[in-house]
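Participant: This is the structure I want to talk about, given as structure tokens.
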Protein chains: 2
Amino acid sequence: MARACQLMQQSLARELAYLDIKPPHLDILVNLFRFEGISQQELARKLLVGRSNMSMLLPQMEKRGLIERRGDKQDKRVLRLYLTEAGRRLTREAMTIQTALIDRMMSDAPIEECELMTTHMERVITLLLKDEREPLETVVDQ
Amino acid sequence: MARACQLMQQSLARELAYLDIKPPHLDILVNLFRFEGISQQELARKLLVGRSNMSMLLPQMEKRGLIERRGDKQDKRVLRLYLTEAGRRLTREAMTIQTALIDRMMSDAPIEECELMTTHMERVITLLLKDEREPLETVVDQ
DNA sequence: ACTTTATTGTTCATAGTTGAACATTATTGG
DNA sequence: CCAATAATGTTCAACTATGAACAATAAAGT
């Protein structure tokens with residue numbers, strides 16, 4: 001199953017190349033599309049990556065004119081993120097590609113199953129995130 | 001869903017640390033466990049990684065006494081891979097950890113669903129591998 | 001037999017991700 | 001008010017994975 005995800009990432013990467021972006025950029029764009037005004041830290045948490053990663057990617061996307069980073073008025077530490085018009089356009093194109101790929105993947109799976117699976121996945125995510133805080137010896141006890 | 005896989009990899013990595021190995025090593029061990037005598041190239045294909053990757057990891061595992069690499073008699077290019085006794089022991093422990101993790105993940109999902117999902121995943125994999133050979137303009141035609 | 005093409009494994013330069021250390025700013029406790 | 005603690009974003013060194021270039025060997029075409 002991990003293999004399938006790996007392959008899907010590769011396929012996605014290959015098709016996103018037409019737009020000159022990569023999966024990490026898409027992740028960022030999509031999240032900003034829905035949660036405009038989010039901070040770098042919040043974005044990193046949503047994507048499950050380190051904030052240093054954001055510090056590498058975001059300035060580069062800003063230079064490319066896809067996003068904007070404006071300092072928060074109340075808290076001078078945080079930078080709030082916004083899509084530019086160009087960024088929004090690109091995001092829509094990229095999401096088209098992505099959904100096309102997903103459709104192709106799931107074409108022969110009934111819809112209810114997909115939804116069931118995603119709810120399972122979400123539960124798994126919350127479960128794992130909880131574990132992350134407790135190093136849990138329970139598995140290696142004996 | 002990609003996030004769930006990512007998190008599962010991280011959890012697995014954290015628990016495998018007790019055995020001083022990482023997910024890539026586990027992948028190798030498990031595959032050798034079932035397909036002893038495989039070549040480096042075949043192993044790389046199964047794991048969907050480049051063969052250069054194998055050239056990095058395998059010598060290191062050989063030095064650690066987990067595997068053995070013996071040259072094929074008929075074809076002097078290939079190195080065939082075998083688990084040592086220590087490697088087999090370690091593999092069993094690691095698989096225990098892995099299956100425990102998976103069980104915890106899927107504890108609240110009915111078994112038939114899991115199986116359905118894996119068959120879907122396998123179909124997806126073969127589908128994507130086929131795509132890989134045809135760059136397919138079909139998605140970006142318009 | 002011999003040239004060409006393909007395959008296997010290795011090496012190396014490259015790119016992506018991470019965690020630790022740091023500076024800056026907020027928050028909390030005395 | 002001030003010290004201690006925490007949070008945000010940046011930088012940097014380390015690690016991983018990759019693809020291209022390469023040497024050795026095999027297979028195919030002539």
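Quick note: the coordinates plus some simple rules give every number you see, no bench work behind them. These numbers come from a predicted model, not from an experiment. Positions of Cβ are backbone-derived with ideal geometry, glycine not excepted, and every protein chain shown enters the neighbour counts.
Participant: In whole Å, what is the distance between the alpha-carbon centres of segment B:49-93 and segment A:1-61?
Facilitator: Measuring centre to centre over Cα atoms gives 35 Å.
Participant: Placing unit charges on C-beta atoms (Lys and Arg positive, Asp and Glu negative, everything else neutral), compute the dipole magnitude of the protein assembly as shown about its Cα centre in debye, rounded to 20.
Facilitator: Working: 44 positive and 44 negative charges, 280 e Å.
So the magnitude is around 1340 debye.
Participant: With a point put 7 Å past each Cα toward its Cβ, work out how far B:Lys22 is from B:Met56 in nm, to one decimal.
Facilitator: 0.8 nm
Participant: Given the options A:Gln41, A:Gln74, A:Gln98, state which has the largest fluctuation in a GNM of chain A using a 10 Å cut-off (strictly under) for Cα springs.
Facilitator: Per the Cα network of chain A with a 10 Å cutoff, A:Gln74 tops the list.
Participant: So which residue, out of B:Thr91, B:Thr119, B:Thr99, gets the largest mean-square fluctuation from a GNM of chain B using Cα contacts under 10 Å as springs?
Facilitator: B:Thr119
Participant: Full-extension gain between B:Arg45 and B:Ala86, please, as 0.36 nm times their residue separation minus the C-alpha to C-alpha distance.
Facilitator: Values: separation 41, 0.36 × 41 = 14.76 nm, distance 2.50 nm.
Length gained, B:Arg45 through B:Ala86: 12.3 nm.
Participant: What's the average, rounded to a whole number, of partner chain beta-carbon atoms within 10 Å of each residue's beta-carbon in B:6-13? Let's see the in-between values first.
Facilitator: On the way: counts 8, 10, 7, 3, 4, 8, 1, 0.
If you average over the peptide's residues, the count of other-chain Cβ atoms is 5.
Participant: With contacts defined as alpha carbon pairs under 8 Å and 6 or more residues apart, what's the relative contact order of segment B:48-124 in percent? Walk me through the numbers on the way to the answer.
Facilitator: Working: 38 pairs, mean separation 13.0, N = 77.
Rounded, it is 17 percent for segment B:48-124.
Participant: Under the convention of a label 7 Å out along Cα→Cβ, give the distances in nm from B:Leu19 to the same position in every other copy, shortest first.
Facilitator: Those label-point separations list as 4.0 nm.
Participant: Still on this model: Please report, for the Cα atoms of segment B:2-140, the Rg to one decimal and the Dmax as a whole number; what are they, in angstrom?
Facilitator: Looking at segment B:2-140, its Cα Rg and Dmax stand at 17.3, 52 Å.
Participant: Just grab the label-to-label distance for A:Thr99 and A:Glu112, each label 7 Å out from Cα along the Cβ direction, in nm (one decimal).
Facilitator: It is 2.4 nm.
Participant: Can you work out ³J(HN,Hα) from phi for every residue in segment A:100-107, in order, using Karplus 6.51 cos²θ - 1.76 cosθ + 1.60 and θ = phi - 60°, giving whole Hz and x for Gly and Pro?
Facilitator: Using θ = phi - 60°, the values come out as 4, 4, 4, 4, 4, 5, 9, 4 Hz.
Participant: Taking the Cβ of A:Glu68 as the center, what net charge do the other residues with Cβ under 12 Å away carry, scoring Lys and Arg +1 and Asp and Glu -1?
Facilitator: Values: positive: A:Lys63, A:Arg64, A:Arg69, A:Arg70, A:Arg80, A:Arg88; negative: A:Glu36, A:Glu62, A:Glu85.
Around A:Glu68, the charge tally is +3.
Participant: Now a separate question. For the rotation that superimposes chain A on chain B, which residue of A has the C-beta lying nearest to the axis, and at what distance in Å?
Facilitator: Residue and rounded Å distance to the axis: A:Cys5, 2.
Participant: Another question, if that's okay. Quick one: longest stretch of chain A between exposed loop trypsin sites (Lys or Arg not before Pro), exposed meaning at most 14 other C-beta atoms within 10 Å and loop per DSSP? Before the final figure, lay out each step's value.
Facilitator: Values: sites that count: A:Lys73, A:Lys76, A:Arg77.
Between the exposed loop sites, the longest stretch runs A:1-72.
Participant: Run the label-point distances for A:Gly65 please: 7 Å along Cα to Cβ, every other copy, nanometres, shortest first.
Facilitator: For A:Gly65, the other copies' label points sit at 6.2 nm, shortest first.
Participant: Another question about this same structure. On alpha-carbon atoms, Rg over Rh for the protein assembly as shown using Kirkwood Rh?
Facilitator: With Rg and the Kirkwood Rh in hand, the quotient comes to 1.00.
Participant: Put the label 7 Å from Cα along Cα→Cβ for B:Lys76; what are its distances to the other copies, in nanometres, shortest first?
Facilitator: Here the equivalent label points are 7.2 nm apart from this one.
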